[in-house]
1. Mind checking the dipole of the range 160-239: about its Cα centre, +1 per Lys or Arg Cβ, -1 per Asp or Glu Cβ, Debye to the nearest 20?
2. Just to verify a number: FRET efficiency for Ile270 and Glu581, C-beta to C-beta distance, R0 = 35 Å, to 0.05?
3. Based on DSSP H runs of at least 4 residues, each adding -39500 (n - 2.57), what is the mean residue ellipticity at 222 nm of the chain after dividing by all its residues, to the nearest 500 deg cm²/dmol?
4. Please work out how much accessible surface Trp632 shows to a 1.4 Å probe, ignoring ligands, DNA and RNA, in Å² rounded to 10.
5. Accessible area of the range 316-419 with a 1.4 Å probe: how many percent of it is carbon plus sulfur?
6. Which order do the peptides 289-297, 322-330, 458-466 come out in when sorted by mean C-beta neighbours inside 10 angstrom, highest first?
7. Full extension from Gln291 to Ser210: what is 0.36 nm times the residue separation minus their Cα-Cα distance, to one decimal in nm?
8. Which of Leu530, Ile325, Ala336 sits farthest toward the positive end of the charge dipole of the chain, with +1 on the Cβ of Lys and Arg and -1 on the Cβ of Asp and Glu?
Amino acid sequence: MISIEQLTVEFGGSPLFDEISFLVNPKDRIALVGKNGAGKTTLLKIFAGKQSPTKGRITIPKDLTIGYLPQQMIHNHGTTVLQEAEKAFEHITELQQSIERMNQELADRTDYESKDYHDLIDKISHSNEHLAIIGNGNFYAEIEKALLGLGFLRSDFERQCSEFSGGWRMRIELAKILLQRPDILLLDEPTNHLDIESIQWLENFLISSSSAVILVSHDRAFIDSVTSRTIEISLGKIYDYNVNYSKYVELRKERHDQQVRAYENQQKLIQDTEEFIDRFRSKATKAIQVQSRIKQLNKLDRLEVDLEDNSKLSLKFPPAIHSGIIPVEVEHLSKAYGDYLVLDNVGLIINRGEKVAFVGKNGEGKSTLVKCIMNEIEYSGKLKLGHNVKIGYFAQNQASLLDENRTVFETVDFVAVGDIRTKIRDILGAFMFGGEASDKKVKVLSGGERSRLAMIRLLLEPVNLLILDEPTNHLDMRSKDVLKEAIKAFDGTVILVSHDREFLDGLVTKVYEFGNKKIREHLGGIYEFLLHKKMDNLRELEINNTIKLNSDAIEKPQSESKLSYEARKEQNRKIRKAEKEIEAIEKEISDYEVELEVMNKKLEQPAYASDSEFIMLYQKKQRELEHKMYEWEIMCEELENLKI
């Protein structure tokens, strides 16, 4: 369907893509992945015809229709929500009007036997057949379904687009693109501005759509559900995996291991060749061989190992000052907005050191309770904060409170204390503010960039109660991992309002479910909660809150105890296997260390210190030890993840 051949894109003389080639087939579901700045958005722009490559060829059939949703804000002025969505069917409206004009012409003409008259009849017939194919029904029903699915109310349909925020205008544009049903959908972070219900609807729409899909997203669960092919962009090259994201992560590790081995072998070849050249450069009898080796080195395609993508940043909070045993206690709390009751006589107790999640349908009171805790709104009932509680609060509006005249670096440096100040640039890099971006003024940052900066600033403040409302909305996968590890290591109390199942997994020990003006407490992690609710993911909360299933018609699932036992059994098997592998590699490392210690002592002797072959062997052993240490670190990290 689309062919990319030897495509190169350069910025300032540096290649973003270096002669990449691949095909996009009909009904492909592709996730574009790679670190920030790798070129994912650029590639989507090239597909959409918004940007041209430096060289190479992209072949797109003339009749192929493309729907492109960019990241930046869409401005719709002078139209209502419904009028803007109707633009998706302009081609149908135009065809209907054309048929009406031709029918009127047919009624007015009297030259019944002429060729033109019969040609007009044929044209009307052909147009009606085409209209039946592309949809002759009431497309207003489709518009309504899409707008409601993406979170709009019927009362919103006649409102001006300009009345809505940028995020909601993105939803209007998304609805319009989906309704056009193009041959290929190009979606750049489509879930960024969607709530859980809308994400569920979009996921189901894309799964059932006949369009090919290429998307960029940092929502692991979403791309796992929607895509079946993963294209990684790294160091100007692409790596094409015919699997979903979770499987790609496994295969990528295998590829990286192969990459490391190939790199080491090439380095050995380069070293040997350079030593041969240096040794025989001055000997006339070896001149031909030396020149041959020099040409060999010049022609060599130097391999690189993408170590940066695999590196991990360890970010720790400042030690939290001890709060009271119960930082948050709520009794008989109710909150209404006018006549609309949001929370009705609810209660909960959060103990010191707990990490809890607030989950449930949008509008059920999660953010309302957070505002009550922050004392931002009035309520009835009792809400008590414990002794010495200091709150660190993150919400979308926190970004607007930053000092616009400070740079990114100054903003973080202002709140950082202790040893963490030496790692500020590393921290900024992990949250996509690397290099010159750290010297930007806050006033020139986008909304998403400000949100990320506000998150970093919060992470470094000495608090003992963290309240994070949708903290992952503007973070890529690596940044989310950094944040998750930091929260895990935090010794204070955490309240997380989030629908990101992958982020919450292994992080929270208690889940509070909001629904029907009440709060229900579920002990255990997010997967225990999901199992209890008999759901595959958090998004099904929306469905279960509105649809009452007939319990007699539901097949009774496998008992939770059996599932839990089988899961624990499999988990323990994997842990034992990982521990054995680590034990084996530790033995290899120990052997290398002993061998190198012996060689070190020999190097103290002049005979060995001047023996080039012995030195080459010593350096080889050092590289092998470094590689084994790298493998050991990866395996230890995997074991820690298994034990979570």
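The values are calculated or read from the model by the stated rules, or taken from the named source; none is laboratory data. Small disclaimer: the values here were computed from a predicted structure and weren't measured. Quick reminder, even Gly has a Cβ in these numbers, built from the backbone with ideal geometry, and neighbours come from all protein chains shown. SASA here: full protein model, heavy atoms, side chains in, ligands and nucleic acids out. Shrake-Rupley method; radii C 1.70, N 1.55, O 1.52, S 1.80 Å.
1. On the way: 7 positive and 11 negative charges, 47 e Å.
Magnitude of the dipole: close to 220 debye.
2. Values: r = 31 Å, r/R0 = 0.89.
With a Förster radius of 35 Å, E is 0.65.
3. Numbers: 22 runs with 300 residues, N = 644.
The helix-only estimate for the chain comes to -15000 deg cm²/dmol at 222 nm.
4. Trp632 exposes around 80 Å² with every protein chain in place.
5. Working: 2620 of 5330 Å².
That share works out to 49 percent.
6. Values: 289-297: 13.7, 322-330: 18.4, 458-466: 21.4.
Averaged packing, sorted descending, gives the order 458-466, 322-330, 289-297.
7. On the way: separation 81, 0.36 × 81 = 29.16 nm, distance 5.87 nm.
Using 0.36 nm per residue and subtracting the Cα-Cα distance, I get 23.3 nm.
8. Ile325
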